[in-house]
Amino acid sequence: MIAETGHFALILALFVAIIQAVVPLVGAHRGDRAWMDVARPAALAQFLLIGLAFGALTWCYVTSDFSVLNVAQNSHTDKPMLYKVSGVWANHEGSMLLWVLILALYGVAVSAFGGNLPPALRARALSVQSMISIGFILFILLTSNPFARLDPAPLNGNGLNPLLQDPGLAFHPPFLYLGYVGFSMAFSFAIAALIEGRVDAAWARWVRPWTLAAWVFLTLGIALGSWWAYYTLGWGGYWYWDPVENASFMPWLVGTALLHSSIVVEKRDTLKAWTILLAIIAFSLSLLGTFLVRSGVLTSVHSFATDPARGVFVLGLLFVCTGGSLTLFAIRAPSLKAGGLFAPMSREGSLLLNNVLMSTAAGTVLLGTLYPLIADALNLGKISVGPPFFNGVFLPLMVPVVVTMTVGPLLSWKRSDLGSALARLKLAFVAALAVAIGSWLMAGGSATPLLAAGGFGLAAWLFVGSLLEWGERVRLFRAPFGESLRRAAHLPRATYGMTLAHAGLAVVIAGLTGSATWTTEKIQVMRPGDTMEVAGYELTLQGTEEVKGPNYTALRATFHTTKNGVFVADLKPEKRQYTMPPRPTTDAAIHTNMIGDLYAVIGEPDGKGGFVTRLYYNTLVPWIFLGAVIMVFGGLVSLTDRRHRVGAPLRKPQTLAAPAAAKA
Amino acid sequence: MTRKQRRLYFVLLGMLALAAATALVLTAVGDGMVYFYTPGDLKTKHVPPDRRLRIGGLVEKGSVVKDGKTVRFVITDLTATVPAIYTGVLPDLFREGQGVVAEGRLDAGGVFQASEVLAKHDEKYMPKEVSEALKKSGQWKSEAAPK
């Protein structure tokens, strides 16, 4: 009964979505206020209905109702409660339901916080948002109904893939989707602006915080996924340039570019067409990501059991959405008159340079991700494009980005003097040089460590440069300390957000470089009592024991770890055997001192009393995740900026299509 | 700066970025791309030696021999086989009779020196290349098909 209620609610939501897509759009076209105002209650109703459907599915999972096919396939009574709930979105059907729920949530946010938006813009944006919603609800109802029944109901379910039974992965999809779908906000507003034929500072002031929120979620989602891969897959790595990783990374790159170009639209009233284009591309790449994950066209560690009909449906959605919006863009973009002119050497110029570079980088990642598909279609053989390609193409493109992003904030708008900006970065340059030489020597002083020197040098350049820029703003050491303090207190939060996010990226770069340069890996057979030395630590395999978990049994090894005879930690990696589904997983043990991770994995017994063990010392890997957290924190700080919360202030009255905004 | 100049600057910037990207792609293409072969392909097609490649198929039943951390096994598409050797910890889902994709190089003796054995997240899932390789060799059994 509960499942049918959910199904029914979802069907109702489809009809509400159709009304929300059509009526406000017509209303905005005719200037009919009453028709436009349909959008807000409709958005709320749609959210409540999808919420009801989602709640119904969650209920089926929590109560282990195995007469529902989806629950029977993906759940089990023995699963801990957390994974019963996360099981809702750990499968295809449920995760698509989460997708539309988040979409509806953003729709409600527009109607709740968009009180001061021009009514026509709001109506059109909500209408576009709802068109996306129609596509995805139809997709769920026609190809992936999570409420399908199973008769007779089995006594117990098939259980959830044990790799997904992990706190990191329980929250990875919701954050990723909050990010992906968050770009729908910028997209809907971009389309609404194209229909209206105008983009202005008020538009950007509205789009910017939502893009920022999406960016924060996406950053967090990617970091969580990477962290999960790092500690559960037992291979010591955190990023493999896997197609599905790329699928989340491409929207991140373009979304980051969008975030920055919307600043230019807001402050300088220019780069409008470019910003609109980025908004369309960012969301299209999110859709493409959904397609790549859901269709299984690419071989990936993430490939789920797939159904070609689904792939075709998402591809159709992608085609209509991207094709339609790009066509609209081609028709309307020429009418978007750019405002402020600027010299190449200016803050706009530097933002534009990085925008172009990041988009190009996203383009190369797209090429590498899709190339195997293209080659297969053209009968060029089966190819996989691996990390060497991406590292060889992507990383060099990022070098000028990092160099520029340090200089950019020190340039003034419109026209600037590069010399004086560089003069103010002297200290950063000295720091970068010192760090580069230092790390080159530390890494052995030959040719290979050039990478280390470059990476650490760039990280130092960016980190020190970002702090210098902040120091400049508060006139640190140039004005009396009290004056600096007062200035620091009055600095907008968005500025702090930028400094934090840029510095966080510097920490990430240092972490990536460190792990690429100094990781030690040792694979060997160890018997209880054997000791191995890894990066100055002595790890003694004390023994193994059998442990029982809620739905698995595990072989747990204990590595007694000392450094110079002083006890450090007991590392306890596990090899788990889940009962339902019957599958083994690896659970690495990690001890971190924030400079590096000591990482231990226990493998198969060799049949002669020993075990294959894998021991790593992963230098600076914790910095990657620390840096990502700093970036996310920077984004959050920026989101609390007062100016971001004001929303869209009044536009010039003569341009309003409808009477000035009155509270609906 | 006029609008025209700015547009020119924009276009130049874009072309420069594209040119740089193209140059990088062309240099990285050589070692970044790995071709996929089935054991049958290795017999019929000429595979340049010392080239990184992927081989996919099933792990032949009864072929896995472990010696400490070194594992020898045979990859088969049920028409042809190729012996492989790998040193390290195998992925959790490596089992006899199951699909596998290995990446590495063929040595002079025709033994595949795998540097990587790919794991899949889902035991119901068979790498697409493997299922196609099996279909190609006419050994595909639909009941073994992934859903």
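Among the conditions (1) more than 8 Å from every other protein chain (Cβ to nearest Cβ); (2) within 30 Å of B:F36 (Cα to Cα); (3) among the small types (G, A, S); (4) not in a helix (DSSP H, G or I), A:A362 misses just one, which is (4).
Restricted to strands (runs of 3 or more DSSP E) entirely inside segment A:555-648, those with at least 1 residues that are within 11 Å of chain B (Cβ to nearest Cβ), touching a residue at least 12 places away in the same chain (Cβ under 8 Å) and at negative phi are A:574-578, A:583-587, A:596-605, A:611-619.
Can you name every one of the helices (runs of 4 or more DSSP H) wholly within segment A:34-107 that holds 2 or more residues which are under 23 Å from A:Y552 (Cβ atoms) and either outside the structural domain of A:D151 (by TED's automatic domain parsing) or touching a Leu at 6+ places or on another chain (Cβ under 9 Å) (or both)?
Fully inside segment A:34-107 and qualifying: A:69-74, A:81-86.
If you scan segment A:391-401, which residues turn out to be more than 17 Å from B:L13 (Cα to Cα) and more than 7 Å from chain B (Cβ to nearest Cβ)?
A:N391, A:F394, A:L395
Taking every residue in segment A:101-116 that is free of Cβ contacts under 8 Å to residues at least 60 places away in the same chain and pairing it with any residue that is aromatic (F, W, Y), at least 6 positions away or on another chain, the pairs with Cβ-Cβ distances below 7 Å are A:L101/A:F54; A:L105/A:F47.
For the criterion of being over 28 Å from A:V474 (Cβ atoms), assigned to a helix (DSSP H, G or I) and within 12 Å of chain B (Cβ to nearest Cβ), A:P388 passes.
Return yes or no: is A:V534 more than 14 Å from chain B (Cβ to nearest Cβ), surrounded by fewer than 19 Cβ atoms within 10 Å (Cβ to Cβ) and either charged (D, E, K, R) or more than 29 Å from A:Y83 (Cβ to Cβ) (or both)? Answer is yes for this residue. Among the numbered conditions (1) surrounded by fewer than 22 Cβ atoms within 10 Å (Cβ to Cβ); (2) farther than 30 Å from A:A589 by Cβ, the only one that A:G237 does not meet is (2).
Among the residues of this structure, B:R72 does not count as one that is among the basic types (K, R) and either closer than 22 Å to A:P400 by Cβ or not assigned by TED's automatic domain parsing to the domain that holds B:E116 (or both). Checked against (1) under 24 Å from A:G197 (Cα atoms); (2) modelled with pLDDT of 85 or more; (3) more than 13 Å from chain B (Cβ to nearest Cβ), A:R268 meets all criteria but (3). Regarding A:L258, is this residue modelled with pLDDT of 90 or more, within 21 Å of A:L218 (Cα to Cα) and assigned by TED's automatic domain parsing to the domain that holds A:W206? Judged against the criteria, A:L258 is a match. Of the strands (runs of 3 or more DSSP E) contained entirely in segment B:1-69, those carrying at least 3 residues that are touching a strand residue (DSSP E or B) at 6+ places or on another chain (Cβ under 7 Å) and within 11 Å of chain A (Cβ to nearest Cβ) fall at B:33-37, B:53-59. Of the residues making up segment B:120-136, none is crowded, with 17+ Cβ neighbours inside 10 Å, at pLDDT 65 or above and part of a strand (DSSP E or B).
The residue that is nearest to the other protein chains (Cβ to nearest Cβ), counting only those in segment B:72-99 that are among the small types (G, A, S) and surrounded by 18 or more Cβ atoms within 10 Å (Cβ to Cβ), is B:G88. State whether one or more residues within segment A:19-36 are small (G, A, S) and either within 18 Å of A:N145 (Cα to Cα) or in contact with a strand residue (DSSP E or B) (Cβ under 7 Å, 6 or more places away or on another chain) (or both). Within segment A:19-36, none of the residues are small (G, A, S) and either within 18 Å of A:N145 (Cα to Cα) or in contact with a strand residue (DSSP E or B) (Cβ under 7 Å, 6 or more places away or on another chain) (or both). Each residue in segment A:335-359 was checked for being of a type in the set (A, V, I, L, M), part of a helix (DSSP H, G or I) and facing chain B (nearest Cβ under 10 Å), and 5 pass. Residues that are over 16 Å from A:Y230 (Cβ atoms) and surrounded by 18 or more Cβ atoms within 10 Å (Cβ to Cβ) were ranked within segment A:154-163; the one that is farthest from the other protein chains (Cβ to nearest Cβ) is A:G157. Just one residue in the set B:Q139, B:Q113 is outside any strand (DSSP E or B) and either modelled with pLDDT of 65 or more or away from chain A (no Cβ under 13 Å) (or both); that residue is B:Q139.
Kindly provide the set of residues from segment A:408-453 that are assigned to a helix (DSSP H, G or I), closer than 20 Å to A:L351 by Cβ and touching a helix residue (DSSP H, G or I) at 6+ places or on another chain (Cβ under 9 Å), ordered by number.
Residues satisfying the conditions are A:G408, A:P409, A:L410, A:L418, A:S420, A:A421, A:L422, A:R424, A:A428.
Could you please find all residues in segment A:267-290 being touching a Gly at 6+ places or on another chain (Cβ under 7 Å) and either part of a helix (DSSP H, G or I) or outside the structural domain of A:G255 (by TED's automatic domain parsing) (or both)?
Passing the criteria: A:R268, A:A282.
For the subset of segment A:365-383 comprising residues that are within 8 Å of chain B (Cβ to nearest Cβ) and more than 24 Å from the chain's Cα centre (by Cα), which member is modelled with the highest pLDDT? Per the criteria, the residue is A:I383.
Determine which member of the set A:L117, A:L126, A:L178 is at pLDDT 90 or above and in the same structural domain as A:L52 (by TED's automatic domain parsing).
Only one candidate qualifies: A:L126.
Within segment A:316-342, the residues that satisfy the criterion of being surrounded by fewer than 16 Cβ atoms within 10 Å (Cβ to Cβ) and either touching a helix residue (DSSP H, G or I) at 6+ places or on another chain (Cβ under 6 Å) or among the small types (G, A, S) (or both) are A:G316, A:G323, A:G324, A:A330, A:S335, A:G339, A:G340.
Quick check on my filter: what residues within segment A:415-451 are within 14 Å of another protein chain (Cβ to nearest Cβ) and buried (at least 17 other Cβ atoms within 10 Å of the Cβ)?
Initial filter on segment A:415-451 (within 14 Å of another protein chain (Cβ to nearest Cβ)): A:415-416.
If the condition is that a residue be within 14 Å of another protein chain (Cβ to nearest Cβ) and buried (at least 17 other Cβ atoms within 10 Å of the Cβ), then A:S416 is the only one that fits.
Rundown of residues vs (1) without any contact (Cβ under 8 Å) to a residue 60 or more places away in the chain; (2) out of contact with any Ser or Thr (no Cβ under 8 Å at 6 or more places or on another chain); (3) surrounded by 15 or more Cβ atoms within 10 Å (Cβ to Cβ), yes/no style:
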| residue | (1), (2), (3) |
| --- | --- |
| B:R7 | yes, yes, no |
| B:T27 | yes, yes, no |
| B:G32 | yes, yes, yes |
| B:T44 | yes, yes, no |
| B:R52 | yes, yes, yes |
| B:D67 | yes, yes, no |
| B:T70 | yes, no, no |
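The values are calculated or read from the model by the stated rules, or taken from the named source; none is laboratory data. Because the structure is predicted, anything quoted here is derived from the model rather than measured. All Cβ positions, even for glycine, are placed from backbone atoms using ideal geometry, and neighbour counts span all protein chains on display.
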